[in-house]
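Only the coordinates and a few stated rules stand behind these numbers; no lab work does. None of these values were measured; they are calculated from a predicted model. Ideal geometry is used to build each Cβ from the backbone, glycine not excepted, and the neighbour counts take in all protein chains shown.
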Amino acid sequence: MKQSFFNNGWLLFVLLPLLTSAQQAHDFLLEGDKLYDQEKYRQAENQYQSAGKINPGNASAIYNLGNALYQQGKWEDAAKQFETASKGFKSADKKADALHNLGNARLQQQQYDAAVNAYKQSLRYMTDNTDTRKNLQLALKKLKKQQQDQQKRQQQDQQNQEKQQQNQPPDEEPPQPGKKPESGQQPGQKQQTPEQKSREEAKRLLETAIESEDQRNAQKYRTARQKPASQTKKDW
């Protein structure tokens, strides 16, 4: 059965913009590849971004954008593109390539643990990739050294803290708990009651009075001894 002209025209009207957009995205990709081969990575980045705006789900545009960013030293931005591309690709070999490049970007950032994980994932899709295996061994070696250096720094920090604690002067002896003794009262001495205080005060006054009287009597005695004896006048 032949389709009507109306149906064919409607289908062409719908598909034509899509075909035009796909062609534009393809052209941007081709131009980006040319610039990339000429090591004009910044210009290539612009072309890949334009292709991605037209077709946001184009994994090839995302992957190539990651390569252009990587060549400019934009490791973090490149890593994000490679990770997104690895999820967008359908074929195993392209997934492996995207994950391999993701590992390279993490390796450049000295994120060795993340690099190891990326290389391992890449090998799941392409087990015989020699370059990925070599990079994995390199990442494992650097990760081990990084962990050892971190452990040494922690031990050094702990030793420095211990030295500082040893060099600090001893803290002052904390005050003993308890009520502060009153003036004239020795530590540990029991506090006297008012009645005891009165008796003690009376005794002290009496002793003072006696002592004063003894001093006066002794003064009189010394004076008496020093005074020359009067001679009795004789009546001849």
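Points worth noting:
- Segment GLN146-ALA22, extension gain: residue separation times 0.36 nm, minus the distance between their alpha carbons: 40.0 nm
- Whole-Hz couplings from phi, Karplus 6.51/-1.76/1.60, listed for segment 45-54; x for Gly and Pro: 4, 4, 5, 5, 5, 5, 5, x, 5, 6
- Set LYS34/LYS94; LYS80/LYS145; LYS53/LYS142 screened for pairs whose C-alpha atoms are more than 28 Å apart: LYS53/LYS142
- Ranked by the mean number of other Cβ atoms within 10 Å of their residues, highest first, the peptides 25-32, 157-164 fall in the order 25-32, 157-164.
- Residue by residue, segment 67-73 carries 3J(HN,Hα) couplings of 5, 5, 5, 4, 5, 8, x Hz when phi is fed to the Karplus relation 6.51 cos²θ - 1.76 cosθ + 1.60 (θ = phi - 60°); x denotes Gly or Pro.
- Remark: segment 129-146, residue by residue, has Karplus-estimated 3J(HN,Hα) of 7, 5, 4, 5, 5, 5, 5, 5, 4, 5, 5, 5, 5, 5, 5, 4, 5, 4 Hz, where x stands for each Gly or Pro and the curve is 6.51 cos²θ - 1.76 cosθ + 1.60 at θ = phi - 60°.
- Kirkwood radius and radius of gyration were both taken over the C-alpha atoms of segment 19-161, and their ratio Rg/Rh is 1.12.
- Inter-label distance, ASP93 to ARG153: 4.2 nm, where each label sits 7 Å from its Cα along the C-beta direction.
- Where trypsin sites (Lys or Arg not before Pro) fall in DSSP loop in segment 24-111, at most 12 other Cβ within 10 Å: LYS90
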